[in-house]
Amino acid sequence: MNNVSAKPTLKEKIAYALGDAAAGGITWKVMSIAFPLFFTNIFGLTVVDTATLMLVARLFDVVTDPIMGALADRTRSRWGTYRPWLIFGAIPFGLVFALLLLTPDFSSMAAKRIWAYSIYLLMMAVYTAVNVPYGSLLGVMTDDDNEKNKFSSFRMVGAYAMGFVTLLSFPYLQKMVGGSEAHQYAVLGAVLGALAAAMTLVCGLLTKERLQPVRAEKFSFKPFADLVKNKPWVYLTLTGICCNFFNGFRYAVAGYMFTYCIGGDVTFSKLIINYTVFMTFGEVTCMIFGGLSPAFTKLAGSKKKAFIYSALICAVTSIAFFFIPMSPSYMWLMILVVILTSTGIGFYSPLLWSMYADVADYATEKNGTSSTGLIFSSGTMAQKFGSAISGALLTLLLGLVGFSSGSGPDGQAVVTIADGCLPAVQNMIWAIFSVIPAAIALIMVGLIKLYPIEK
């Protein structure tokens, strides 16, 4: 890679942040927190259908993500290597997201399954086509490690800031739209999809690719073979999957927690605290501490140590949450513990992407050609894999303790809990939000200790 232009500007960092504000702060945040609750309680799929849908989508991503990474690495255009995917993918990205939150008036379960599977898989494909090149941009905008950390921090602040706005405003926007929940989700999907498309387009137009990837002369499967031999990539990707398991379980179960453990929305004065607002407190904390991540990394002495300390914070606070009583009276204590957990998430989230850039540099030095897109695609694959598998496991775990869902003769969603099983369902929900993520955080600590790059 060769440096071809000036140092990155503040405007460019903000533009880069908009890319993850769209993908992470809008589309993925809504998908993480609303699914599988949307599919079981609003769309009307069964627990098994919902779990199967997410598992099938992950098998789909295992193929499409690395192919997209390799394809992005070999793209040549007047807009660069990775930016054209954002520029021309922005509108399909927003449009398919809008369709994903639409509930067609189907009375047939077969028709519902076909629609849900088709649109969900299409969303995963479009998300991959935009987000893999977006992540890969970090490897070609600068070769300065401090600048990479800053770009990563801007990215995380953008994602968490937009996530904060999206989740905080969601219940108020629902009330403003009115009508059935299905209608509310459809309208909000269209509005948020348009906003995500605009942000993605701005990111593609205002960022710059300063470094030229060292390309192989012709297509080869060698980069794929090199990848599995790359120890830093193996440990970091496993860590990334665990990071998204950690977040995926918590976000996916939050809606169930408010519905079945706390008894619905909680109102303090005029503040409505539902499951999206509840997680908003974590979003704003992640935004603040994501911005402080470079300083925390310097204080810790390395990215590796900073990551370990952050994961330990997440483990301890998650265990603490389990012992809070399931009562609205303890809502502010729950929020406090969520805030403490989110300090750890805020610290390690930018580190993960900065470390992927280090792995890409390591691979280029070792193998002689760039595989930046391929390596960053694994980060996106880890994100989708962790979030969706956690959602699938969530529905299966709830099914095991007596929770079931489906559609009635009129096509409307129907949810039932077997007689005497409510306490078991509540305890499972509480554990999925606390104990299971704590165990995952400890696994993250063990994996990152094996990560060999010291920066």
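The values are calculated or read from the model by the stated rules, or taken from the named source; none is laboratory data. As the structure is a computational prediction, the values presented were derived from the model and not from experiment. All Cβ positions, glycine included, derive from the backbone under ideal geometry; neighbour counts span all protein chains shown. Side chains are part of the model used for accessible areas, which takes the heavy atoms of the whole protein and leaves out ligands, DNA and RNA. Shrake-Rupley method; radii C 1.70, N 1.55, O 1.52, S 1.80 Å.
Computed with a 1.4 Å probe over protein heavy atoms only, the accessible surface of the chain comes to 38 Å² per residue. In order along the range 88-105, the Karplus-derived 3J(HN,Hα) couplings, from 6.51 cos²θ - 1.76 cosθ + 1.60 at θ = phi - 60°, round to 8, x, 4, 5, x, 4, x, 5, 5, 4, 4, 5, 5, 9, 8, 10, x, 7 Hz, and Gly and Pro are given as x. Seen from every direction in turn and averaged, the convex hull around the alpha carbons of the range 129-219 projects onto 8.1 nm². Note that the chain carries a Kirkwood radius of 22.1 Å, evaluated over its alpha carbons pair by pair. 3J(HN,Hα) couplings calculated from phi for the range 283-288 with the Karplus curve 6.51 cos²θ - 1.76 cosθ + 1.60 (θ = phi - 60°) are, in sequence order, 4, 5, 5, 4, 4, 5 Hz; Gly and Pro show x. Shown in residue order for the range 329-340 are the 3J(HN,Hα) couplings computed by the Karplus curve 6.51 cos²θ - 1.76 cosθ + 1.60 at θ = phi - 60°: 4, 9, 4, 5, 5, 4, 4, 4, 5, 4, 4, 5 Hz (x for Gly and Pro).
Heavy-atom surface analysis with a 1.4 Å probe gives the chain a carbon and sulfur content of 69 percent of its accessible area. Amide H contacts under 5 Å for I273: V266, T267, F268, restricted to partners 5 or more places along the chain or on a different chain, H placed in the peptide plane at 1.01 Å from N. With Cα atoms as the point set, the range 394-455 shows a radius of gyration and Dmax of 18.4, 60 Å. Summarising the label geometry, the points placed 7 Å from Cα in the beta-carbon direction at L102 and K305 lie 5.4 nm from one another. Between the amide H of S407 and those of V414, distances stay under 5 Å, these residues lying 5 or more places away or on another chain, with hydrogens modeled in the peptide plane.
Under a crude label model (7 Å from the Cα following the beta-carbon direction), how far is Q412 from K455 in nanometres? About 5.6 nm, to one decimal. With Cα atoms as the point set, the radius of gyration and Dmax of the range 1-93 evaluate to 17.9, 54 Å. So if R0 is 22 Å, what FRET efficiency would S169 and L205 give, r being the distance between their Cβ atoms, rounded to the nearest 0.05? About 0.25, to the nearest 0.05.
Protection proxy ranking of 176-182, 165-171, 137-143, by the mean of other Cβ atoms within 10 Å over each peptide's residues and highest first, is 137-143, 165-171, 176-182.
In this structure the amide hydrogen of T46, modeled in the peptide plane, comes within under 5 Å of no amide hydrogen from residues 5 or more places off or on another chain. When only alpha carbons are used to place a centre, the range 11-31 and the range 435-455 end up 26 Å from one another. Here, P(r) means the percent of Cα pairs in each 5 Å bin from 0 to the largest distance; for the range 256-340 it is 3, 13, 19, 22, 15, 11, 8, 6, 2, 0.
Hey, which aspartates and glutamates would be in cross-link range of K112, C-alpha to C-alpha under 14 Å, not counting anything within fewer than 8 residues on its own chain? Those aspartates and glutamates meeting the cut-off are D49, D410. Computed extension length for F268-L121: 49.0 nm, one decimal, from 0.36 nm per residue of separation with the Cα-Cα distance subtracted. Legend: Rg and Dmax of the range 148-196, from Cα coordinates, 13.9, 46 Å. With each label modelled as a point 7 angstrom along the Cα→C-beta vector, the V48-C421 pair spans 1.3 nm. Note on the range 288-442: Rg/Rh from C-alpha atoms, Kirkwood Rh, equals 1.09.
Compared with the direct C-alpha span, the chain from S404 to I114 gains 102.4 nm at full extension, assuming 0.36 nm per residue. Could you tell me which of the pairs K231/K304; K150/K449; K229/K304 are separated by over 22 angstrom between their Cα atoms in the structure shown? In this structure, K150/K449 lie more than 22 Å apart at Cα.
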